1. Under a plain spin-label model, where a point goes 7 Å from the Cα along Cα-to-Cβ, how far apart in nm are Ile77 and Asp18?
2. Structure shown: which of Lys27/Lys97; Lys22/Lys81; Lys22/Lys80 lie over 23 Å apart, alpha-carbon to alpha-carbon?
3. Based on the alpha-carbon gyration tensor of the range 1-87 and its eigenvalue square roots a ≥ b ≥ c, which shape applies: rounded if a/c is under 1.5, prolate if not and a/b is larger than b/c, or oblate?
4. Ordering Glu64, Glu20 by how much accessible area each has at a 1.4 Å probe, largest first, what is the list?
Amino acid sequence: MSLHCLIYTSVATQKMTDEELKAILAKARPHNCQLQITGMLLYQDPYFMQILEGEEDIIQQQFERIAKDSRHHKVTIIYKKSIDERNFSDWTMGFNKIDNFSINYTVSLKAIYDNCSFTEQSQVVRDLLIMFKNETLF
């Protein structure tokens, strides 16, 4: 099995409530468990960033399904690479909601989303996701 990591960003089509975010997670976690997908979802209104880890074909199929979800648009892959090991092996889907105080203004999903040179920021993106690895919200 070839492990891969895929990270994408998107823009929510409407403001997401905590209840709506919890509903997404409640559906995603058992589905991801069944497919042996791990990862994390970050939300900073109105931006999403998600990392998916797993077998390459399964990750690609999952991403294609996610990209069709009407709750977001402007879905853009910003990182896709083979990996030796999972960074989120304990989670079928970790989650955190970023507010202006939770990351000391050093980086934001908007800044990452607005930057056209995602390749140059791939390490920043991975570091951001890993920073929240031990701080899941729900």
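1. Those two pseudo-labels are separated by 3.6 nm.
2. Numbers: Lys27/Lys97 18 Å; Lys22/Lys81 28 Å; Lys22/Lys80 26 Å.
Beyond 23 Å: Lys22/Lys81; Lys22/Lys80.
3. prolate
4. Glu64, Glu20
The values are calculated or read from the model by the stated rules, or taken from the named source; none is laboratory data. Just so you know, these numbers come straight off a predicted model, no measurement behind them. Backbone-built Cβ (ideal geometry, glycine too); neighbour counts: all protein chains shown. Quick note on the areas: whole protein, heavy atoms, side chains included, nothing else; ligands and nucleic acids left out. Shrake-Rupley method; radii C 1.70, N 1.55, O 1.52, S 1.80 Å.
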